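Participant: Let me begin by handing over the structure; questions about it come next.
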Amino acid sequence: MAINFPLLLVIAVGVCGALALFDLIFLAPRRRAAVANYQATTERSDPSTIEALNKEPLLVEYGKSFFPVLAIVLVLRSFLVEPFQIPSGSMKPTLEVGDFILVNKFAYGIRLPVVDTKIVEISDPLRGDVMVFRYPSEPNINYIKRVVGLPGDVIHYTSEKRLLVNGELVAEQFIAEETGSLGTAALFRERLGEVEHLIRKEMSRFRVEPDREWHVPEGYYFMVGDNRDNSNDSRYWDDPSIPADLRGMVPDRNIVGKAFAVWMSWPDPKFSNLPHFSRVGLIH
């Protein structure tokens with residue numbers, strides 16, 4: 001079961017904040033009164049006694065210590081930047097397994113943590129953006145793909161593995177070949193909107209699929225991985241619990257943010273190797 005870290009963080013901040021507030025309103029005045037009463041009844045105060053009377057309960061001490069740290073983490077993670085690690089090769093060659101990325105949380109509007117309600121409109125996703133979102137069928141799982149279809153678009157993917165947006169063939173240029181999981185793979189430079197990026201296709205005939213077309217409803221987005229034949233994306237989602245015309249679509253409410261940079265890579269986070277920084281840079 002996926003852990004809802006934002007919810008846990010909000011609960012932790014709330015508990016620590018409540019402990020700090022309870023101490024401020026109720027416990028701290030009692031400690032001060034106890035110290036004042038002791039000092040009034042003795043001619044020579046014992047510093048160790050005063051320290052003992054003024055000592056905070058251990059739970060309160062921990063709560064007050066953790067509260068500012070957790071509050072800062074909550075604000076940064078919820079409204080500014082959140083780190084993620086890439087778990088699969090669905091975005092190769094743009095992102096590799098083990099890449100640690102940074103996601104801009106306010107690029108597409110400011111949202112409240114946990115409930116994900118947008119409270120401030122800033123901008124909408126653009127075609128070609130690399131976006132993190134909550135998987136429609138399992139919202140506790142985060143996915144990362146590239147925005148291909150915007151609200152109102154018609155997306156067509158052919159048996160020749162070519163992408164059309166609103167009837168126009170998306171431009172691509174062959175770059176090189178490499179070893180693929182089913183034989184030979186090819187790298188292409190593709191242009192989506194104002195963004196140029198690399199995509200990867202398996203060249204095996206066994207990957208031939210029929211032509212398909214999708215109409216993107218208002219308030220939804222069509223997402224595709226750069227590793228075109230090894231990506232679980234909008235082309236393949238077919239959850240029967242979702243209305244047929246919305247299957248494969250990512251609703252605006254599921255958006256997490258825009259991925260903008262790789263800050264570290266650690267393909268195998270065990271003792272067999274060390275993290276490296278050779279892939280550090282902006283994401284295109």
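Participant: What's the extension gain from LEU7 to HIS215 if we count 0.36 nm per residue and subtract their Cα-Cα distance?
Facilitator: Values: separation 208, 0.36 × 208 = 74.88 nm, distance 3.41 nm.
Gain on stretching LEU7 to HIS215: 71.5 nm.
Participant: Apply 1/(1 + (r/R0)^6) to the Cβ-Cβ distance of GLN39 and VAL114, taking R0 = 45 Å, and write down the FRET efficiency to the nearest 0.05. The partial results should precede the final answer.
Facilitator: Numbers: r = 47 Å, r/R0 = 1.04.
That pair, GLN39 with VAL114, gives E of 0.45.
Participant: Moving to a separate point now. In a Gaussian network model over the chain where Cα atoms closer than 10 Å are linked, find which of LEU58, LEU192, LEU19 has the largest mean-square fluctuation.
Facilitator: Fluctuation is largest for LEU58.
Participant: For the chain, what log10 I(q)/I(0) values come out of the Debye formula at q = 0.06, 0.16 1/Å, with one point per alpha carbon and no solvent?
Facilitator: Relative scattering, expressed as log10 I(q)/I(0), comes to -0.30, -1.29.
Participant: Just for the Cα atoms in the range 20-78, what are the lengths along the principal axes, largest first, rounded to whole Å?
Facilitator: 54, 20, 14
Participant: Give the cross-link partners of LYS118 among the lysines, using a straight C-alpha distance below 20 Å as the criterion and excluding same-chain residues fewer than 8 apart.
Facilitator: By straight Cα distance, LYS118 reaches LYS105, LYS258.
Participant: If you don't mind, there's one more thing I want to ask. Which loop-located trypsin sites (Lys or Arg not before Pro) does the range 226-284 contain, where loop means any DSSP state but H, G, I, E or B and the Cβ has at most 13 other Cβ atoms within 10 Å? Mind showing how you got there, number by number?
Facilitator: Working: sites: ARG228, ARG235, ARG247, ARG253, LYS258, LYS270, ARG279; in loops: ARG228, ARG235, ARG247, LYS270, ARG279.
Sparse-neighbourhood loop trypsin sites (Lys or Arg not before Pro): LYS270.
Participant: Tell me the label-point distance for the pair ARG253, VAL81, using the 7 Å Cα-to-Cβ offset, in nm and rounded to one decimal.
Facilitator: In this crude label model, ARG253 to VAL81 measures out at 3.1 nm.
Participant: On the first, second and third principal axes, largest extent first, how far apart are the outermost C-alpha atoms of the range 43-151 in Å?
Facilitator: Result for the range 43-151: principal-axis Cα extents of 80, 32, 22 Å.
Participant: If you put +1 on each Lys and Arg Cβ and -1 on each Asp and Glu Cβ, how big is the dipole of the chain around its Cα centre, in Debye rounded to 20? Let's see the in-between values first.
Facilitator: Details: 31 positive and 36 negative charges, 132 e Å.
So the dipole magnitude of the chain works out to roughly 640 debye.
Participant: Can you give me the relative contact order of the chain as a percent, contacts being Cα pairs under 8 Å and 6 or more apart?
Facilitator: Numbers: 543 pairs, mean separation 53.6, N = 284.
This gives 19 percent for the chain.
Participant: Using 13 Å as the cut-off for backbone N distance, which residues of the range 48-90 belong to the label zone defined by a point 7 Å from the Cα of VAL15 along Cα→Cβ?
Facilitator: 59-60, 62-64, 66-67
Participant: Moving on. Where in the chain lies the longest segment free of chymotrypsin sites (Phe, Trp or Tyr not before Pro) that are both loop residues by DSSP (not H, G, I, E, B) and have at most 12 other Cβ atoms within 10 Å? Walk me through the numbers on the way to the answer.
Facilitator: Details: sites that count: TYR236, PHE271, PHE277.
My reading of the result: 1-235 is the longest stretch.
Participant: What list of whole percents do you get for P(r) of the range 226-273, with Cα-Cα distances grouped in 10 Å bins up to the one holding the largest distance?
Facilitator: Histogramming the range 226-273 at 10 Å steps yields 18, 30, 32, 18, 3 percent.
Participant: How big is the charge dipole of the range 212-284 about its Cα centre, in debye rounded to the nearest 20, if each Lys and Arg gets +1 on its Cβ and each Asp and Glu gets -1 on its Cβ?
Facilitator: The dipole of the range 212-284 has a size of about 320 debye.
Participant: Sticking with this structure for a sec: Per DSSP H run of at least 4 residues, take -39500 (n - 2.57); add these up for the chain, divide by its residues and hand me the 222 nm value, nearest 500 deg cm²/dmol. Write down the numbers at each step before the final one.
Facilitator: Numbers: 4 runs with 56 residues, N = 284.
About -6500 deg cm²/dmol.
Participant: While we're here: Would you look at the GNM of the chain, springs on alpha carbons closer than 10 Å, and say which of SER45, SER204, SER65 moves the most?
Facilitator: SER45
Participant: Want the number for LYS55 to ASP124: 0.36 nm per residue separation, take away the alpha-carbon distance, what's left?
Facilitator: Details: separation 69, 0.36 × 69 = 24.84 nm, distance 5.18 nm.
Working it through step by step, the gained length comes to 19.7 nm.
Participant: Can you give the FRET efficiency for LEU198 and SER137, using 1/(1 + (r/R0)^6), R0 = 30 Å, r = Cβ-Cβ distance, to the nearest 0.05? Mind dumping the intermediate values first?
Facilitator: Details: r = 28 Å, r/R0 = 0.95.
Approximately 0.60, to the nearest 0.05.
No value in this document is a laboratory result; all are computed from the given coordinates. This is a predicted model, so every value here is computed, not measured. We place every Cβ from the backbone using ideal geometry, glycine too, and count neighbours over all the protein chains shown.
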